[in-house]
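Contents: one structure, followed by commentary.
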Amino acid sequence: MTTTGLLDLGAAEIIDRRTGEPLGYAFTVAHGKGQLQRWLLFRHPQNELEIRPPPASMASWSLADWQANVPGLWRPNGFYVWAQADVYQQGGTYDGVTWTQLPPASRLPKPTFPERPGSNYQLDWTGKVVDVLQEDWRGRAFVVRGLTQESSIEYWSLPARYQPAGNTRTAAIAVGVEEASSLDVFVEECNRTWSSGGTFVITGCINYHGPAAPFAP
């Protein structure tokens, strides 16, 4: 099972890339077809965030440590997200089809949503492609619905050079200038640059927003 996606396994710190202020934390475990990510956000990041290695005190946390500490990390009216990220690699075979290119939007696999009782994700739909920035290149992301909805879907196209962020690497998320009026348009644009070693990640998100931490993080 591959877990190569946006995040490293374990804890990560989330920073506002415009101000440098802390936005919250994330914790990732291998699960299903890729990763199950948990995001604890102090406020709405508005598609402008940076993923960094965690504080030293969190570097060795287990999932049980994370869950035990969520109530203490929580800030009133924060956001909590359970995000199942299913990973598809260029050249891989899925349901009998080898992905030399991304399938049309109508034939993309359905997202897997985490099995969480009623509960927003860290990105929002804007009509523009979201840039995923690392070193001197970029990936792309497209969002259906957003953080203020009970559920949302994210599509991430990451090049072969991308290294998961969190333990040792950073990555910045920012609103780009490229327009994407639909998922079909986004997939067409991704296929222009998708090549050997590239990864496409479909993430189903269950979102929570409230004065107190979720009951079972």
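The values are calculated or read from the model by the stated rules, or taken from the named source; none is laboratory data. Keep in mind that what you see is a predicted model, and the values were worked out from it rather than measured. Cβ coordinates were reconstructed from backbone atoms using ideal geometry, including for glycine residues, and neighbour counts include every protein chain displayed. What goes into the accessible areas is simple: the full protein's heavy atoms, side chains included, and nothing from ligands, DNA or RNA. Shrake-Rupley method; radii C 1.70, N 1.55, O 1.52, S 1.80 Å.
Below are the figures for this structure:
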| read-out | value |
| --- | --- |
| Distance between the stretch 57-90 and the stretch 134-181 - C-alpha centres, whole angstrom | 18 |
| Simple Cβ-charge dipole of the stretch 10-210, Lys/Arg +1 and Asp/Glu -1, about Cα centre, in debye nearest 20 | 220 |
| For the chain, calculated [θ]222 nm from helices alone, where every DSSP H run of n ≥ 4 adds -39500 (n - 2.57) | -2500 deg cm²/dmol |
| At R0 = 41 Å, FRET efficiency that the Cβ-Cβ distance of residue 135 and residue 67 yields, to 0.05 | 0.80 |
| Solvent exposure of the chain as accessible area per residue, Å², 1.4 Å probe | 44 |
| Cβ-defined net charge surrounding residue 88, 13 Å radius [Lys, Arg +1; Asp, Glu -1] | +1 |
| Per-residue ³J(HN,Hα) for the stretch 140-157, Karplus 6.51 cos²θ - 1.76 cosθ + 1.60, θ = phi - 60°, Hz, x for Gly and Pro | 9, 9, 9, 10, 10, 6, x, 4, 8, 9, 5, 8, 8, 10, 10, 10, 10, 10 |
| Percent carbon-and-sulfur accessible area, the chain, ignoring ligands, DNA and RNA, probe 1.4 Å | 50 |
| Potential extension, residue 196-residue 184 segment - 0.36 nm per residue separation minus Cα distance | 2.2 nm |
| Listed values [x] 27, 18, 17; [y] 54, 17, 15; [z] 27, 21, 17, entry calculated as semi-axes √(5λ) of the Cα gyration tensor in Å | [x] |
| Packing rank of 198-208, 64-74, 89-99, 14-24, where each peptide gets the mean count of other beta carbons within 10 Å, highest leading | 198-208, 14-24, 64-74, 89-99 |
